[in-house]
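Visitor: Take a look at the following structure, please.
The values are calculated or read from the model by the stated rules, or taken from the named source; none is laboratory data. Note that the structure is predicted; figures quoted are calculated from it, not measured. All Cβ positions, even for glycine, are placed from backbone atoms using ideal geometry, and neighbour counts span all protein chains on display.
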């Protein structure tokens, strides 16, 4: 059996355009089933842009084909997403800004990115990982061992613009 037709590597700040292209292709298509059009219209301009801090952290990854086409992205951090003043909790890591290009769904891209996050976070001392899953991604994260905590979180993407998520957790 052949290996995957893509590789996963650490993203760099100069990969912002590649990451943006994956986010822009993925989120409008895949999240539409879980959120009203008015919510999507307000949050898409923000969530389809790469986060420079993540790109420079060494814990954010890009999946790309052999010819360099970006097909997925995602990473982890010890910082709480959207809560810069909240101190990191020892042993806890957070899933950050995951997306798979719609043309590459069910080909192992998301799982390869998550596996890289699990391995690298565990090597860095994390014992548990939290995920703020979009309303359409709960099944994907559950298939990777995450369990819904029973808590929903409303994230303020920009002042006055909120986005509902499902809080999920997994031991590493």
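Visitor: With respect to residue 145, is the statement that it is touching a strand residue (DSSP E or B) at 6+ places or on another chain (Cβ under 8 Å), assigned to a loop (DSSP other than H, G, I, E, B) and more than 26 Å from residue 13 (Cα to Cα) true?
Guide: yes
Visitor: Looking at the range 36-64 only, could you name the residues that are touching a helix residue (DSSP H, G or I) at 6+ places or on another chain (Cβ under 9 Å), more than 24 Å from residue 121 (Cα to Cα) and in contact (Cβ under 8 Å) with a residue 24 or more places away in the chain?
Guide: Hits for the range 36-64 are 43, 48.
Visitor: With the condition being under 28 Å from residue 40 (Cα atoms) and over 13 Å from the mean Cα position of the chain (by Cα), I'd like the strands (runs of 3 or more DSSP E) fully within the range 55-142 carrying at least 1 qualifying residues.
Guide: 60-65, 70-77
Visitor: Taking the options 95, 71, 109, name whichever one is in contact with a helix residue (DSSP H, G or I) (Cβ under 9 Å, 6 or more places away or on another chain), surrounded by 18 or more Cβ atoms within 10 Å (Cβ to Cβ), farther than 24 Å from residue 159 by Cα and at pLDDT 95 or above.
Guide: 71
Visitor: Do you know which residues across the range 37-54 are in contact with a strand residue (DSSP E or B) (Cβ under 8 Å, 6 or more places away or on another chain) and in a helix (DSSP H, G or I)?
Guide: 39, 42, 43, 46, 47, 54, listed by residue number.
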